[in-house]
Structures are given as structure tokens and as C-alpha cells.
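Below: one structure, written as C-alpha cells.
What follows is calculated from the coordinates using simple rules that are stated; it is not laboratory data. Since the model is a prediction, treat every value here as computed from it, not as a measurement. With ideal geometry, Cβ positions are generated from the backbone for all residues, glycine too; neighbour counts draw on all protein chains shown.
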């Protein structure tokens, strides 16, 4: 299958993205971390990766906690993803952006450059502080994974900031 078809398949399956691979983080749930939940073989069997066009990537869950944070509060952005790559020495590479929008205008942005996604099942947790001056209301959280010389995958998650 050609490169464009592979990228399109990734875009379809890629509801969101992953963060740079790192060793398991500390047990404290308030500290950002990436933790391996299942190895490559388990994921290959679970998703029958040997029958799929690789690389394969799927987001199993994606959430904010608390789902309705208060003004000035921090919240967790977490997602669980599974992936298979054809060659473990060649992970999926790109840039990961987390953004918060209020009435269509960005009020927060965090970008991680040169993120690598490898085979396995992973949990990614980041702590995000609501920017000073944010007003109670409806917001949009956006996760973007940009692959150089290819597409960018965007996932939106509406949420409310409480007083």
C-alpha cells in the first residue's frame, strides 16, 4: 500500500496521539507520566496487527479529569493508546500539541516536539493548569499530532470551566 493510503489509515484510526516514550513515571497520579500497559506482542494479538497495514494506531480512551474544572484549577489530560509499527527501530514520529480554546480563540498551548510512538499499549497523563483570567464557560480542548511531510491528526474534547 502506498504512503498516502498508510497515512490515511493512521488518520482514521488515530483519534488522538501519543507522547514521547519514557520510562514509567512515579506512582503519584498528579505527576505527568507515560506508562506501558501492555507489550508489543499482546497488542499485536489483541488488534491482529499482522493483518493490518502498519503502522497501526488507536486511541482506546481520551478524557479530562475533573471533567468540569474550576477557575484556577489544574486538570489531567489522559489517554490510552495502542500501536503497532513494522520495525521497532522506526517509531511513528511527530509533534504533539495540547491547546485550550475559548470562543474559538486559543488561550493555552503546549507543544512537545519530536514525539515517538512505539508498539505497545500506553497511558499518557499530563497536568494542565487553567490559564489565569480564564472565565467560567464552555471551552474546547484540542490534541494535535502533526507528522512531518504528512497529515495532522486532531481530536477535540469540549469541556466546561466552573466558577
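Points worth noting:
- Two-site label geometry, residue 95 and residue 140: point separation in nm, points 7 Å out along Cα→Cβ: 2.0
- Straightening the chain between residue 60 and residue 155 buys 32.9 nm, computed as 0.36 nm per residue apart minus the Cα-Cα spacing.
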